[in-house]
Structure formats: structure tokens, C-alpha cells
Amino acid sequence: MALGAGLALILSIWNFFAPVEFLAPTASIAGTPAACLAIAATLALFLAALVLAGSASNRLLVGILLVGMLVGILGTAFTGRLIESPLLVGLMALCFVGWLIRLFAPRARY
Amino acid sequence: MRTIHLATAAALAASLAGPALAQEWSTFNGDLKAQKFSPLDQITPENVGTLTEAWSLHTGDVSDGVHRVHGRMHGPAGKAGVPPPSVWSATPLFVNDTLYVGTPFYRIFAVEPDTGKVKWTYDTGAALEALTQPDLKNRGVAYWAAAQPVDGVACQKRIYIGTMQAELHAVDADTGKPCADFGTNGVLDFNAFNTADSDWPLSLLQPPTVFGDTLFLGWAGKDWAEAVDSPGSVYALDARTGAVKWSFDTLPAEIRDQTGTANVWASMSVDPDRHLLYIPVSSPSPNFYQAAVPVDLPVVTSVTALDTETGRMVWSRQLVHHDLWDLDGNAAPTLVDIEKDGRTIPALVQTSKTGFLYVLDRETGEPIYPIEERPVPQTRVPGETSSPTQPFVDLPKRVIPDRWPGVFGLADAVSGGYCSRTARGLLDQGSFTPPSLQGSIVYPPTTGGTEWGGGAVDPRSGIYVVNSSSVVQIYRLIPRDQYDDEAARGGETGGFSPMTGTPYGFQLTTFLNPLGMPCWKPPYGMIAAYDLKTGERLWNEPFGQVQKYGFYMPESWGSVTIGGPVITASGLVFIGASMDSRVRAIDLKTGKVLWKAVVDAPAVALPAVYSYKGKQYVVFVAGGNSILSDKVSDQVVAFALPG
């Protein structure tokens, strides 16, 4: 999850500044509120993934983070769809896979 | 007649035979017939997917109306020295082995067509002020060349540009130096013709139409401000000196103290064989309350044919009677010969804000496909009268629905029922619902149907392509004693217009919910193709995408469109025109998008297609338009095949 969210954060920062989106040359969100939202969402996901990786023993915190991250992953994927960034959607799919693994293997560290 | 047709065919054949040579784009609409057709076929539906940017130029002439502009500034500007926003709708011309483009700061750029390198610039020195328009607008330049040029003498080829303050400048096309024999030292003060009203200048935003040694020129004014305004005369000027050859008055002398405008602010077309000039005439002032204007006043809101030599009116076809909606004739009619029932008919296609396509015999003005007078809703505003009928066209099919599409459930839901509540309180009687005191749902309104870009035609097949906008606006008349208070509360963006001299002011608002979402169902813009031989619509697709806050809405919603298409001989349609700052190539056969690219702002100008040194280019001006989005730019960008 942290890997996917970290890459998504880098992608979102790129998309904020670049005239066309990374690997999506027919779309542009440079300097827009949508680009800011993508940065904020992926940053939050990235930080949550890091916290989750170090909080396996606190079941309440883990539960809250997992629910919050699911909402974040789905919301960010929807944002990726609206800004026509298939790469962002793909990275959210990667995060979702990580989320599933974390859900069903709670003692693992990711 | 047969001789004329053979000559036309020979000219077309000659143009089709030479695509390997430099192929010009010599007028605002590509040619005098406003066909917007290029015989070039290097870029095809098969290879258009590889189209890449060949060059890009930034002129520096751009303003968002908020931030200071670095560069030239003439005269007083807006708040804190910031010029008004720029609206750049200039079609570049490719002639004289040079690409010429006018800017919204009223400069001319002469550019190398294969590199985008600037050869020279000319600065009119025009004040960057919103004199008659809320934005700094320019739709480009015009080109004239002497039929028998004199060696060693300047200004045998000229570029013309108009300004917001109504000056027409003529410069040498090779050097950019003013042509001293034109007007006064190269500048003609068009306001000298403004003898009827001096409140506002007659802005020259649309470049003149050039035919032979004559410039045909209309003007743009400050709409909706006053009941009595300058009459909308059209002028024929000597291309060398600027002297008036003739003028045509759209309004009869006896009512010029009661109304005004009915001007020609858009482009015109010319039938060079028949020596006929076709002018799209706008509606008379003050537009939304016309008690002082006779209901049966001819010529206004029409397409009208004039003799190019004398200005004599040959025929006039009114498109809207007693136009209470500002549904101007707003684009040059496209001239094309139609093969129908074994005959070749000299036709024209006139687009309109009404969304109808009027297909007329361009010699007589008579309809080729029926135009039917139908009863329409009548006004209940005290003092006002409606025309009992309006012209309707069933074939070709209207470019927009006949009635407004109804409340958009999503916009209604997220606004807590605002849209449906508001709609219930408005007057809604279908097409030609008149303005009212309670507020009327008007569809299509003054920003709907087809705008000044008009349509394009492939003259070989008679396939005609046109983009359109589906917009709902609310028209409300406000009694004079309440107007000032309401307008003051509404601020600059409230859509208020004083219509001074009438018992009413006016408010025009687009039907949006408080979140800014359209209250009517999508799609908001379409592009369609018609077979002019039968009137049949071949395809009709949502066009463009809405982009709001960076988010792209679904393609099926389309986008409001401003600007128009061009067609190439290889079966491609090139068009900008959408809100999403993209330019597209569309398959003429299917309407499917084959290629798209991002540019800096909505490309609301007609693109130009030309070839130079054996290579085909498609060039867009990406300047933006405040009706579509806040995004503005100063970019000229050319695309070509790689290599």
C-alpha cells in the first residue's frame, strides 16, 4: 500500500506541474483543484500506509486506518477516473491489493 | 449558367490537383464561400493518430483580467492596470508563404509557416480597454493582393486588422509597415461613419471580407445597453485607399430614431461567380424589448444577399421575426452546389442560434428544404408585441432538441431540488417562449444553437458538418423603477443589461444550480453531419468534454462549443471549440474521434489547414473564451505528421 500510495503521490505532484499528465498526453490538470485533491488524497494514503505498517498491535487504530484507507483508495481511484489518469487508477488498484492482503494477513508488515 | 458552373468546376479541379504545392488558407473561413474545406489529403484517417506538434508560438498578448500583463499597455486599463480578459478567436491565414494572425491586443504576427519563427510584428497601439465588449476580442486579419502588382512598390499585398476602438489598419504583407495610402497613414477611423450615435465606438473585431479590390466591413457594438443605437450599416471600402464605395443600411431611415444595430458583426461570404455578398444580419436594439420596432421589420435577423458592385439588396430571408431573443444571424453562410433530383442547385446553408439549418437557393433566397411558418407563444409584457408565427425547419433536422431537455436529476439532487423548484416558477412555452417579467426558460438562447463558427462542407460530396450547443438561459425583464437596485445588488456578474430608453432593464442568467452545475440534462454540445442532397442527418455525436476544477465529465455529456470545424479532402474534420482545451480530428464518415491533443486553452478559433514545402499543417489558436472557461492563453500551435 505504501509503495502504491507513494508512487501515486509522485504522479500527482507531476500532474500538478506538467502541461500534460504522465502517460496520459491528452489530459491536463496542471494547477487545478483536481490536481490538489489528488496530491492531498495520495499523501494521506501514503502516511496512513506508513502508520499502518507500524501499528499492527493496536487493533482499534488498525481498524480505523483500514476503513479510512478503503474509502481513500476508492475515492482516489474515482478521482483518477475523473482526471483521466489511468496510471493513478492502476496505482489505486495496487493499493487495494495491498489493502486486501493486509486485511486477510493482519500480522504481515507491508 | 452552364459556363459559370464549368468555371467553378475547373477552379475546384485546379485546387484539388495541386496539393503538393503550397495550399493556402486565405480567409477567415478558408475561402470566400465559407466552405472551410481544404483539398489537402496528406493527413488521413489512417495516419492522423500519429499527428504531433510541429511548432508552438506564444505571442505574449493575453490577459486573464486579474494579473498584470508584462509587455505593452496602451491607454488606461482596468483595475490596477490589468487589461480585461482576452478572447482570441482569430483564424490564422496562410498566404504569401507566411502565416498571419491577429491578437486580442490588436497586433499582427507574421510567422514562418514551418517553424513558427516570427518574421515581423505590427502593433496598432490600440487601447486595451473593454469599450464595447467585456473582453479584448479579435477574430483575426484579412489579406489583399493587387491583381497586377507593381514591382518595387510597397503595399501590393496587404494585411488588415481592426481594433476595439474601430480603427482599421493596413500594413504591407511583406514588411509589416503601414500602407500610407490607406486612410490616414495606414489607419482608417471607422468611427467617422458613426454619425447616428456617439456613445460607443463601432468595434472592428471581425476582419473584413476581401473580394477583388473591395473590403466588406461590418462592426460590433455594445449590445443590450441602449434602445437607440447606431444603425448596422455594412460598408464596401476601396482596398487601397479605404474610400467608401457603397454602404447598405439594414434599417430603414424612418425608424433609426427608435432603434439601432441590426449590424453585421460576423463573417460574410461571397459568390465570386454571381458577384453576390451574403451577410448574416443581427437583431435590432435593444434586443429583448422591441415595442418601438415594427413587428414586420424586414432584413433584421436575416441572411441577405447584396450585389458586390453596388450594394443593392438582391434578396433577404428573415430567420426570426421580431427577434426578442437576440438570435442573430451570426455566421457566414456556407455556399455549395447541391446535386439534387438531377439538378445542380446553387445553395447556401445558414446556421443560426435557433439551431435550424436554413438551406436556400443562393440566387433567389428561396428554401430548398421547406421553411414553415408556425404559430408561437405570444408575449404578455405590457407594450410589447410578438410575431404571430416564426419560421421552422424540419429538414435538415435541427441541431438541438425542439424543447429544452428538462431538469437534470443529478444537478437537482445535489442542490436540494433547486433546479426543479426554479423551473416551476418560470414561463416555459417551448420554442420562442418570449421574455417575461417572471423569467422565461429560453431554449435555444443567445448563446445556444450554432455560434459564429458556422459549419463546414465537403463540396464534392455535399456532406455538411456543424457543431452546436445545448444551453438553457433565463430571460427576465425588470421594470425600470426596480432595475437599478437589482442591478446594483447583482454586481458585475449578475447578467444585468440596462436597455436604457425602454421601460425595462434585463437580466440574462444561465440556468445553473448554486454549485454551478447546469440544471438541464446533457449533452451540452454535439457535432453532426448532414447529407445536403437529401437533408438526412448521417451522424450526431456528443462533442467535447466539460472540464470543471480539472475534473473531466463523461464524454456523453459533451461540451458547450464555440468555434467551428474544417474538413479536409481525406475525410477528416478538425475542430477545437470545446471547454476542455483539446483539439480533435474526427472521422467524417462516422463522427468518431480519431485523434486529440491538449492545448493551452480552449481553441475557439476556426483552425487553418495549409501545406508548405510539401507538408500539411493544421494550426489552432488556443486563446480561450470566457463563455467556456476562465482559461486563456496566447498560444498558436501547429500539428503535422512526424518526419
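The values are calculated or read from the model by the stated rules, or taken from the named source; none is laboratory data. Just so it is clear, the model here is predicted, and its values are computed rather than measured. FYI the Cβ positions are ideal-geometry reconstructions off the backbone, even for glycines, and counts take in every protein chain you see. Side chains included, ligands, DNA and RNA excluded: accessible areas come from the protein's heavy atoms. Shrake-Rupley method; radii C 1.70, N 1.55, O 1.52, S 1.80 Å.
For this structure, a couple of remarks:
- Of all residues making up region B:267-280, the number that are within 24 Å of the chain's Cα centre (by Cα) and part of a loop (DSSP other than H, G, I, E, B): 4
- The set of residues in region B:207-266 being assigned to a strand (DSSP E or B), among the hydroxyl-bearing types (Ser, Thr, Tyr) and open to solvent by 10 Å² or more (accessible area, probe 1.4 Å) consists of B:Thr209, B:Thr214, B:Tyr235, B:Ser247.
- Selection count where residues are in contact with a His (Cβ under 9 Å, 6 or more places away or on another chain) and assigned to a loop (DSSP other than H, G, I, E, B), scope region B:288-333: 10
- Checked against the criteria, B:Thr561 does not count as more than 21 Å from the chain's Cα centre (by Cα) and part of a loop (DSSP other than H, G, I, E, B).
- Taking first residues from region A:31-45 that are open to solvent by 70 Å² or more (accessible area, probe 1.4 Å) and partners that are part of a helix (DSSP H, G or I), the Cβ contacts under 9 Å between residues at least 6 apart in sequence or on separate chains come to A:Leu37/A:Ser12; A:Leu37/A:Thr76; A:Leu37/A:Thr79; A:Leu43/A:Ala5; A:Leu43/A:Leu9; A:Leu43/A:Ser12.
- Looking only at region A:49-63, residues that are open to solvent by 20 Å² or more (accessible area, probe 1.4 Å) and either within 12 Å of chain B (Cβ to nearest Cβ) or among the aliphatic types (A, V, I, L, M) (or both) come to 6 in all.
- So B:Ser570, is it among the polar types (S, T, N, Q), within 14 Å of another protein chain (Cβ to nearest Cβ) and surrounded by fewer than 22 Cβ atoms within 10 Å (Cβ to Cβ): no
- Residues satisfying the stated conditions in region B:580-619, i.e. away from every other protein chain (no Cβ under 14 Å), touching a strand residue (DSSP E or B) at 6+ places or on another chain (Cβ under 9 Å) and farther than 22 Å from B:Ala529 by Cα: B:Tyr610, B:Ser611, B:Tyr612, B:Lys615, B:Gln616, B:Tyr617, B:Val619
- Only one of the numbered conditions (1) within 14 Å of another protein chain (Cβ to nearest Cβ); (2) at pLDDT below 95 is not met by B:Leu628, and that is (1).
- Residues in region B:96-125 that are of a type in the set (Gly, Ala, Ser) and surrounded by fewer than 24 Cβ atoms within 10 Å (Cβ to Cβ): B:Ala110, B:Gly116, B:Gly125.
- Only strands (runs of 3 or more DSSP E) whose full extent lies in region B:443-553 are considered here, and the ones with at least 3 residues that are of a type in the set (A, V, I, L, M) are B:463-469, B:473-479, B:525-531.
- Residue in region A:66-82 that is within 14 Å of chain B (Cβ to nearest Cβ), among the basic types (Lys, Arg) and in a helix (DSSP H, G or I) present: yes
- Strands (runs of 3 or more DSSP E) lying entirely in region B:146-199 (those with 1 or more residues that are open to solvent by 70 Å² or more (accessible area, probe 1.4 Å)): B:187-189
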